[in-house]
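Notes follow once the structure below has been shown.
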Amino acid sequence: MSASAVAGKDIKQPIKKRTFKKVCKDNAGFLFILPWLIGFIWFKLYPFGSSLIYSFSDQHLFNGVTKWGLMNYQDIFESTKIMRAFTVTFKYAFLTVPLKLVAALFIAYILNFKIKGVNLFRTAYYIPSILGGSVAIAVLWKALFKDDGLLNTLLGIFGINGIPWLSDPKYALFIICLLRVWQFGSAMVIFLAALKGVPQDLYEAASIDGAGKWRQFFSITVPMITPVIFYNLVTQLCQAFQEFNGPYIITNGGPRNSTTLISLLIYNSAFRAHEMGAASAMAWVMFIVIMIFTVISFLSQKYWVYYSDEDGR
Amino acid sequence: MTLGKKKYLATFLKYAVLIIVGFIMVYPLLWMISATFKTNNEIFSGISLWVNDPTFSGYKNAFKSYGGDINIMTAMINTYKYVIPKVVFTIISATVTAYGFARFNFKGKSFLFAVMMSTLFLPQVVLNIPQYMMYSKMGWIDSKWYLPIIVPTLFAIDTYFVFMLIQFLRNIPKELEEAAEIDGCNVVQTLVKIIVPMLKPAIVSCALFQFMWSNNDFMGPLLYVKTPARYPAAIFVKLSMDGDVGFQWNRVLAISLISIIPSLIIFFLAQNSFVEGISAGSVKG
């Protein structure tokens, strides 16, 4: 008892000294993150808050506010056009994300075998996701899928009549999805890194027990990389809900609004009609939808995502 | 014997799938390159990469000015007027922020860190409108210096990069910094002389991704650049397509191709950094 008290006294001196030094260091840390904090308040928190306020007003870009209320939200749920845009957005996201992830995992799985020229293949698969977001590629997409575009020329060679990919509401959304699916490369690279981290002895043990390749894939590979599947799922879903460039550049929402995603509607009502309030309300509904899906994904983690005990590596 | 055959078949299938899918992936890009040298009559008359009647008219027309104010070269220069500052400011501000979060303790750090992480999930869609209103009040819309596009990057606004650098810093042992501190380095010197050199691969990845993303960015210039003479390539390409549909595809595709050439060059020069960056920054799988 007394010994520890003495010991405590003994160390007290140096601790005090260090505390002073620590205070300096603490402030240094805060100073280092200060630019971010300012930027966060200026470019994120303040806009975030004001957008919520706008959403309850009829804020116009030039004319300001004349009335307040829930009318924007009411309009959203009463307008078939807006509800349709939400439906189209869901369709888009739930078509694009699974296709993209399946393609990414499938190719990553094959590349993970000892493949000769793996770097060449990786490059080929990765390029589209580096360039794919650009306007240039959207232009290319139009050249490929327009009525007299490359794909229909190809079909013509086989004597198949051209299909109006971009001018028929049945197909247009799918073509827009395909642009994103084509960019599965970055998800693939992440999967590939994860696959490399799956311990080989698990496969050996399984094959001794007589598990075939398919069985191994679903019982070892997939469970071991669920954290990465989860990561890709959340980021891709979040991105897909906000897709703008593809539909805006390639189809401009048409034909017959079949590719009018909610982001296009938000853009049109904010920056063409200048109805900032109405657009903010749509953006908030979209935001809440994205949040719900993110939260569901996070909550569902404990049922299907496997984290190893060692610091989740 | 049968086992050997089966293995052979499996290997064959793997390569077949990789080659066929890879071919489909890359073919549009190759076709795009060849189409820029085709005449407009030839472009959609077949699907081959072979150019029967090579012409440079696509490129010649691509360099013609559009509406008198802008051509692809000025559009490219405009693009890099904001891409380069964005890249430089992002890596500086993100490194400083990551250093602050990863190596120091201060009051409210865990709260601020949680806030920062949550902004990773804050969709831009709710921010566009109020940001536009704010910039408009500040007189930044159509600014000559692309202020709404550049200034936020001074404040580490792209949280993704901060997160990526923190992930990297976590794997770097602190001993060197402690040694530097004993040798009398202050925190700023430690950052410049110890942290930055060790973080270099990660910083390079951040710079590369920011370069690509800023190049591809369409929404930013669409909202904030109004004067044709200041249009960047992204807007210029879109305009030239709208103006030309059905007529001069070799010109439109040539303009598109020119606009992505810098990205392509950077990608081929620094492929591995991209791959390392994307796998290291995302998650530790």
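Net charge within 13 Å of B:Met198 by Cβ-Cβ distance, Lys/Arg positive one each and Asp/Glu negative one each, not counting B:Met198 itself?
+3
Provide B:Ile141, A:Ile160 in ascending order of the number of other Cβ atoms located within 10 Å of each residue's Cβ, fewest first.
Arranged by neighbour count, lowest to highest, B:Ile141, A:Ile160 become A:Ile160, B:Ile141.
P(r) for chain A, please, calculated from all Cα pair distances in 10 Å bins and given in %.
Percent of pairs per bin, in order: 5, 18, 22, 22, 16, 10, 5, 2, 1, 0.
Calculate for chain A the 222 nm mean residue ellipticity that helices alone would give, adding -39,500 (n - 2.57) per DSSP H run of length 4 or more and normalising by residue count, nearest 500 deg cm²/dmol.
Details: 14 runs with 210 residues, N = 313.
Computed mean residue ellipticity for chain A: -22000 deg cm²/dmol.
What's the extension gain from A:Asp168 to A:Thr66 if we count 0.36 nm per residue and subtract their Cα-Cα distance?
Stretched fully, the A:Asp168-A:Thr66 segment lengthens by 32.6 nm.
Kirkwood hydrodynamic radius, segment A:173-251, all distinct C-alpha pairs: what's the number in Å?
Answer for segment A:173-251: a Kirkwood hydrodynamic radius of 14.7 Å.
Give the separation of the Cα centroids, segment B:66-145 to segment A:62-136, in Å.
So the separation of the two Cα centres works out to 22 Å.
Using the Cβ atoms and a cut-off under 11 Å, what net charge is assigned to the surroundings of A:Asn268, where Lys and Arg are +1 and Asp and Glu are -1?
+1
What relative contact order, as a whole-number percentage, does chain B give when Cα pairs under 8 Å and 6 or more residues apart are counted?
30
From the Cα trace of segment B:62-282, what convex hull volume per residue do you get, rounded to a whole Å³?
149
Anything over 20 Å Cα to Cα? Flag those among A:Lys114/B:Lys200; A:Lys213/B:Lys7; A:Lys116/B:Lys14; B:Lys137/B:Lys238, in the order listed.
Working: A:Lys114/B:Lys200 30 Å; A:Lys213/B:Lys7 12 Å; A:Lys116/B:Lys14 11 Å; B:Lys137/B:Lys238 28 Å.
From A:Lys114/B:Lys200; A:Lys213/B:Lys7; A:Lys116/B:Lys14; B:Lys137/B:Lys238, over 20 Å: A:Lys114/B:Lys200; B:Lys137/B:Lys238.
Normalised by the residues of chain A, what does the relative contact order come to in percent, with Cα pairs under 8 Å and at least six apart?
Details: 318 pairs, mean separation 80.9, N = 313.
Relative contact order here is 26 percent.
Would you please give the FRET efficiency between B:Ile141 and A:Ile208, computed as 1/(1 + (r/R0)^6) with r the Cβ-Cβ distance and R0 = 56 Å, to the nearest 0.05?
Once rounded, the FRET efficiency stands at 0.25.
Let me check I've understood the local charge: for B:Gly220, count other residues with C-beta under 14 angstrom from its C-beta, Lys and Arg +1, Asp and Glu -1. What total comes out?
Details: positive: B:Lys81, B:Lys86, B:Lys226, B:Arg230, B:Lys238; negative: B:Asp142, B:Asp158, B:Asp217.
Once positives and negatives cancel, what remains is +2.
Any idea what the relative contact order of segment A:108-239 is, in percent, if you count C-alpha pairs under 8 Å spaced at least 6 apart?
27
What's the average, rounded to a whole number, of partner chain beta-carbon atoms within 10 Å of each residue's beta-carbon in B:96-106?
6
Sort the protein assembly as shown into rounded, prolate or oblate with this rule: let a ≥ b ≥ c be the square roots of the eigenvalues of the Cα gyration tensor; rounded if a/c is under 1.5, and if a/c is not under 1.5, prolate when a/b is larger than b/c, oblate otherwise. Don't skip to the end; give the middle numbers.
Working: a/c = 1.68, a/b = 1.23, b/c = 1.36.
Oblate shape, in that a/c is at least 1.5 and b/c is the bigger or equal ratio.
Mind sorting B:Lys109, B:Lys6 by how few other Cβ atoms lie within 10 Å of their own Cβ, fewest first?
Least to most surrounded, the residues fall as B:Lys6, B:Lys109.
Looking only at chymotrypsin sites (Phe, Trp or Tyr not before Pro) in DSSP loops with at most 12 other Cβ atoms within 10 Å, what is the longest site-free stretch of chain B?
On the way: sites that count: B:Trp50, B:Phe56, B:Phe247.
No qualifying site falls inside B:57-246, the longest such stretch.
Laboratory data are not the source of any read-out in this text; all were calculated from the coordinates shown. Source: prediction; values computed, not measured. Reconstructed Cβ throughout: ideal geometry from the backbone, glycine too, with neighbour counts over all protein chains shown.
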